[in-house]
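This report refers to the structure that appears directly beneath it.
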Amino acid sequence: MAENPTQTTRRKGRRPKHIPQRTCVSCREKESKRSFVRIVRTPEHGVEIDPTGKKNGRGAYLCTRRSCWEKATTGNVLERALKVTLDQETRDKLHRYADHHFRDE
Ligand SMILES: [Zn+2]
């Protein structure tokens, strides 16, 4: 299995403090200041939106652009990121969430 190439193998007592950067799975944009929404694959409930970012499971991030959510709910970028097949119910759920929270740019 391939290791994460960005991960350092050196271990020290203290880690340098850094601002966590997220990458939107749709547009691949990295930004720390734009708010990202975490999507998580949970064993119990399938794919969920995780606004707190604290749920356990494999996570993927989407930025708050409507176009990114469109792409994620109609295409397979999210499926690839989460290694899961999205059923129609989940796609609808994500789509409704985007409808409620984000505006077209
Ligand atoms: Zn995006």
*Would you point out the residue of segment 76-105, among those that are loosely packed, with under 15 Cβ neighbours inside 10 Å and of a type in the set (S, T, N, Q), that is nearest to CYS24 (Cα to Cα)?*
ASN76
*Mind checking which pairs have a first residue in segment 44-68 that is farther than 17 Å from CYS24 by Cα and a second that is within 15 Å of the ligand (Cβ to nearest atom), Cβ under 8 Å, 6 or more apart or different chains?*
LYS55/ARG38
*Given (1) free of Cβ contacts under 8 Å to residues at least 40 places away in the same chain; (2) away from the ligand (no atom under 16 Å from the Cβ), where does THR90 come up short, assuming only one miss?*
(1)
*Here are some conditions: (1) modelled with pLDDT of 95 or more; (2) in contact with a helix residue (DSSP H, G or I) (Cβ under 6 Å, 6 or more places away or on another chain). ILE39 meets all but one. Which one does it not meet?*
(2)
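Which is modelled with pLDDT of 85 or more, more than 10 Å from the ligand (Cβ to nearest atom) and surrounded by 13 or more Cβ atoms within 10 Å (Cβ to Cβ), of THR73, THR23, THR64?
Numbers: THR23 fails: more than 10 Å from the ligand (Cβ to nearest atom); THR64 fails: more than 10 Å from the ligand (Cβ to nearest atom).
Every option except THR73 fails the conditions.
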*How about segment 26-45: which of its residues are crowded, with 17+ Cβ neighbours inside 10 Å and over 14 Å from ALA72 (Cα atoms)?*
ARG41
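The values are calculated or read from the model by the stated rules, or taken from the named source; none is laboratory data. Keep in mind the model is a prediction, meaning the values are calculated, not measured. Positions of Cβ are backbone-derived with ideal geometry, glycine not excepted, and every protein chain shown enters the neighbour counts.
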